[in-house]
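*Asks:* Could you have a look at this structure, given as structure tokens, before my questions?
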Amino acid sequence: MKAQEMYLKMKARLEKIVPDVELRYKAELAAEIIELKREKNAVILGHNYMEPALYYSIPDFVGDSLDLSRKAAQTEKDIIVFCGVKFMAETAKILNPTKTVLLPSEKAGCSLAASITAEDVRALKREFPGVPVVTYVNTYADVKAESDICCTSSNAKAVVESLKSDTVIFLPDEYLAANVARETGRRIIFPALAPTLPSPIRPPLSPHFEVQKWGDERGVGGQGRGQVMIGWRGRCEVHEKFTVNDIEAVRAQFPDVVILSHPECSPEVVAASDFSGSTNAMIKYVEQTKAPHYLVLTECAMGDNIAAANPDKDMLRLCSVRCPHMNEITLEDTLNALKLNRYVIEVPEDIRQRAYQAVERMIAIG
Ligand code: 13P
Ligand code: SF4
């Protein structure tokens, strides 16, 4: 595709979102990427959090974590370029061991994925033998390998219910666990000293002491007295920052605003919102409803992407909160990823095989 053709395509979508001077520059990069993608028989997957110029130019598929895992599982291309973060690229590799999976930046991590180690999961399994382990897809491959099934924000409730077990270990997002506990009518309890700091900088766990003493107990469940979820104190550094005060302040200024939140936000924020769902679910909600204003409590770039697709709708944004990891992925880095075949994602085969089972079970649950 020629740069001019790409520029016109991007302009049609992004005229009101991205200044023309930036569009022209990015259209050249995007056109070069499309050319290389064709030459190298690559597919580009783009998460909903990608910045608008990238989101609306180079991906073959855009979507939420579950969607993109499904696309990764179906591709016949030789190379998968993942415009997202490392745990997503690892999931693509778990599903496609013979393909080359590239992540355009080495710095695209995730605070949730960093909050738990495989040894932490093994300690919990020793303490609760036979209790099924669900891990959020926002974890690294060795953690997935320790779990029975993975989930994403779009199928977490269905995954927990599919297990038909009174007790479920649900890792590592404290807030997602609390939100799913509420939806499934369960109590949630946390090991007393489960860390709140990212694993590389927190002191090592002492499993027997930690998991035998219960910490607080969030009574978010209610009716399901016998049904318990065992959580972990991981959090998304983006979604944990949204507060009920933010919501109240926005509602005071825009009384008819509709507020959507990702389930990685606190249960209090979710309860104060009008709708909560995965990134795909929020996009669909805005598409299918008509309100004077919308505010999406999630990575800010997604507000831009929704605004571009819905020019008749007014999207408010709280852009002081950004995902530094998703923002590492740029058109420049994606071009270099294809040119220089970097950064190649590898997962050791023994870990991959065990993680594969958990990811495949997740993909089967809609
Ligand atoms: P989704 O699965 O809803 O796309 O969310 C992924 C994510 O990282 C949210 O912070
Ligand atoms: Fe991780 Fe949060 Fe960024 Fe999603 S938004 S990739 S959960 S840090």
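All of the numbers you see were taken from the coordinates with simple rules; none came from a lab. Computed from a predicted model, the values in this text were never measured in an experiment. All Cβ positions, glycine included, derive from the backbone under ideal geometry; neighbour counts span all protein chains shown.
*Asks:* Order 141-152, 322-333, 88-99 from most to least packed using the mean count of other Cβ atoms within 10 Å.
*Replies:* Numbers: 141-152: 24.8, 322-333: 19.2, 88-99: 22.4.
Those peptides, ordered most packed to least, come out 141-152, 88-99, 322-333.
*Asks:* As I understand it, the value is the acute angle between the Cα axis of helix 86-95 and the longest principal axis of the Cα atoms of the chain; what does it come to in degrees, rounded to 10?
*Replies:* The answer is roughly 90 degrees.
*Asks:* Just the Kirkwood number for segment 265-347, please: inverse of mean 1/r across all distinct Cα pairs, in Å, one decimal.
*Replies:* Result for segment 265-347, one decimal place: 15.0 Å.
*Asks:* Modelling each spin label as a point 7 Å along the Cα-to-Cβ direction, I'd like the Arg38/Leu340 distance in nm, to one decimal.
*Replies:* In this crude label model, Arg38 to Leu340 measures out at 2.6 nm.
*Asks:* Residue separation times 0.36 nm, minus the C-alpha to C-alpha distance between Thr98 and Asp256: what's the value?
*Replies:* That pair, Thr98 and Asp256, stretches by 51.8 nm at full extension.
*Asks:* Of the candidates Gln74, Gln253, Gln353, which one comes out as most mobile in a Gaussian network treatment of the chain with C-alpha springs shorter than 10 Å?
*Replies:* Between Gln74, Gln253, Gln353, it is Gln253 that shows the largest mean-square fluctuation.
*Asks:* Using R₀ = 22 Å, calculate the FRET efficiency as 1/(1 + (r/R₀)^6) where r is the Cβ-Cβ separation of Lys284 and Phe61; round to 0.05. Walk me through the numbers on the way to the answer.
*Replies:* Numbers: r = 16 Å, r/R0 = 0.72.
Once rounded, the FRET efficiency stands at 0.90.
*Asks:* Can you tell me which of Ser153, Ser162, Ser278 moves the most in a GNM of the chain? Springs connect C-alpha atoms under 10 Å apart.
*Replies:* Between Ser153, Ser162, Ser278, it is Ser162 that shows the largest mean-square fluctuation.
*Asks:* What GluC sites (Glu not before Pro) in segment 21-89 are in a loop by DSSP, with at most 11 other Cβ atoms within 10 Å of the Cβ?
*Replies:* Those satisfying the criteria are Glu76.
*Asks:* Against the empirical 2.2 N^0.38 Å scaling, what ratio does the C-alpha Rg of segment 22-67 come to?
*Replies:* Details: Rg = 11.0 Å, N = 46, 2.2 N^0.38 = 9.4 Å.
Output field value: 1.17.
*Asks:* Still on this structure, I have one more. Please work out how much length the chain gains when fully extended from Asp20 to Lys77, using 0.36 nm per residue of separation minus the C-alpha to C-alpha distance, in nm with one decimal.
*Replies:* 17.2 nm
*Asks:* Here is a further query. Given points 7 Å out from each Cα along the Cα-Cβ axis, report the Arg122 to Ser165 separation in nanometres with one decimal.
*Replies:* Taking the two extended label points, one gets 1.9 nm.
*Asks:* While we're here: Could you put Ser105, Ser65 in order, starting from the residue whose Cβ has the fewest other Cβ atoms within 10 Å? List each step's numbers first, then the result.
*Replies:* Working: Ser105 22, Ser65 27.
Result, fewest neighbours first: Ser105, Ser65.
*Asks:* Show me the three semi-axes of the equivalent ellipsoid for the chain, from the C-alpha gyration tensor (sqrt of 5 times each eigenvalue), largest first, rounded to whole Å.
*Replies:* 34, 26, 16
*Asks:* Also: Could you give the length gained by full extension between Asp274 and Ala291, i.e. 0.36 nm per residue of separation minus their alpha carbon distance, to one decimal place?
*Replies:* Gain on stretching Asp274 to Ala291: 5.0 nm.
*Asks:* Follow-up. Could I have the simple spin-label model distance between Ala158 and Glu349, label points 7 Å from Cα toward Cβ, reported in nm to one decimal?
*Replies:* Using points 7 Å along Cα→Cβ, the separation is 3.3 nm.
*Asks:* So in the chain, what percent of DSSP beta bridges are antiparallel if you round to the nearest 5?
*Replies:* 10 percent
*Asks:* Could you give the angle, 0 to 90 degrees to the nearest 10, between helix 349-364's Cα long axis and the longest principal axis of the Cα atoms of the chain?
*Replies:* It works out to around 80 degrees.
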